[in-house]
1. Considering only residues of region 217-227 that are part of a strand (DSSP E or B) and closer than 18 Å to residue 146 by Cα, which is nearest to the ligand (Cβ to nearest atom)?
2. Might you check whether a residue that is within 16 Å of the ligand (Cβ to nearest atom) and touching a residue at least 12 places away in the same chain (Cβ under 8 Å) occurs anywhere in region 102-117?
3. Mind listing just one residue for me: the one in region 137-176 that is assigned to a helix (DSSP H, G or I), free of Cβ contacts under 8 Å to residues at least 60 places away in the same chain and within 13 Å of the ligand (Cβ to nearest atom) and, of those, least open to solvent (accessible area, probe 1.4 Å)?
4. When only residues in region 42-75 that are open to solvent by less than 20 Å² (accessible area, probe 1.4 Å) and in contact with a Lys or Arg (Cβ under 8 Å, 6 or more places away or on another chain) count, which is farthest from residue 291 (Cα to Cα)?
5. Any idea which of (1) open to solvent by 50 Å² or more (accessible area, probe 1.4 Å); (2) closer than 14 Å to residue 288 by Cα is the one residue 19 doesn't satisfy?
6. Do any residues in region 13-37 that are acidic (Asp, Glu) have Cβ atoms under 7 Å from those of residues that are surrounded by 15 or more Cβ atoms within 10 Å (Cβ to Cβ) and in a helix (DSSP H, G or I), where the two are at least six apart or on different chains, and which pairs are they?
7. Could you go through region 192-215 and let me know if any residue there is touching a residue at least 60 places away in the same chain (Cβ under 8 Å), at positive phi and more than 11 Å from the ligand (Cβ to nearest atom).
8. Before we move on, is residue 307 within 16 Å of the ligand (Cβ to nearest atom), at pLDDT 95 or above and crowded, with 24+ Cβ neighbours inside 10 Å?
Amino acid sequence: MELKICVVGCGMIGREHIERIQNRIRGAQVVAVCDVVADNVKKGAEIAGAGVATYSDFNEAINDANVNAVLVTTPGQFHKGPVLAAIKAGKPVFCEKPLANEAADCKEVVDAEIASGKHLVQVGFMRRYDRGYRQVKELLDSGKFGAPMVVKCTHRADGVAESYTTAMAVTDTAIHEIDVLPWLINDQWDEVQCIMPKRSAKAHEGLQDPQVMIMKTKSGIVTVLEVNVNCGFGYDINCEVVCENGVVNLPCPSFPTVRYANNISTKIEDNWILRFIDSYDVEIQDWVDHAAKGETAGSSAWDGYVASITADALVKSQTSGTFEKVVTGETPDFYKK
Ligand code: ISE
């Protein structure tokens, strides 16, 4: 079955995905675009090309008879509505991360999907599709390195908009590590803490940056994550897994190491779109291939819910300063692999 996709949300990431689907993805095409902002619809439609239907109301867009799949790329606080509408219409839906900003909203999606009896929802945590993370996972899963004990990560960005808040360091940024690490090391979060170091003079007023997040798993693995979104030298993602018999480092892709003018150097990527561009391609192709068969892949709605519960605990710790428990309850049978 060819996927005839309606893209709900034609801002930056929505337009990226429209371009990707029309030009690089097999077995799918964008047939409808929707956004409450008229200019975004216009830009999305221009990229999608002739014949694309345009909407400002997501219910109408999703229920367009020509649409058989939905891709949600609105801002996070508006994800729940279109995702629930897609489930109600029985259409597969890819929702960019996070599934929703509030855990209670994610739970509503989980409950609706279970009630529908069909696996329809995939959440856009693209790092599970990154070549480097997959190589690290393969090495860890080989068993040769022994059990992971400590994970050291950095999530650094050049700078952020004035609208970026202290909580977003968790809900928008660290949410990637929150999702990818349990998958990488085959474990689940148990308790998490957020510590505030000396504030960067480059952070805008009201923003605490950097932040250090300490996350312990049920088996006792400790992760230390530095979130630093005003580093000023590029988009710099690192992950080192210290195991009993060795250490595995996430490879940093794309750039050669050069020796020049008495220096050895490697360029650092400018931003996350470029750093993870290949992962997005692989991720959307995988969604299309699975959705065409009535299946889902990657992060499920349950994974999105668990990530949100973990994020809530970290946000709570931003104020309490202490470890907060991550309480998710049992994985429903529906989501057990
Ligand atoms: C952005 O939304 C992303 O998803 C990026 O991967 C992350 O690094 C950034 O902090 C977010 O704002």
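The values are calculated or read from the model by the stated rules, or taken from the named source; none is laboratory data. Everything numeric here is computed off the predicted structure, so don't read it as measured data. Backbone-built Cβ (ideal geometry, glycine too); neighbour counts: all protein chains shown. Just so you know, the surface numbers come from the protein's heavy atoms only, side chains and all, with ligands and any DNA or RNA stripped out. Shrake-Rupley method; radii C 1.70, N 1.55, O 1.52, S 1.80 Å.
1. Only one residue fits best here, namely 223.
2. no
3. 173
4. Among them, the one singled out is 44.
5. Going through (1) open to solvent by 50 Å² or more (accessible area, probe 1.4 Å); (2) closer than 14 Å to residue 288 by Cα one by one, residue 19 breaks only (2).
6. So the pair list comes out as 19/47; 35/41; 35/44.
7. Looking for residues that are touching a residue at least 60 places away in the same chain (Cβ under 8 Å), at positive phi and more than 11 Å from the ligand (Cβ to nearest atom), one finds none in region 192-215, hence no.
8. Considered against the rule, which asks whether it is within 16 Å of the ligand (Cβ to nearest atom), at pLDDT 95 or above and crowded, with 24+ Cβ neighbours inside 10 Å, residue 307 comes out as yes.
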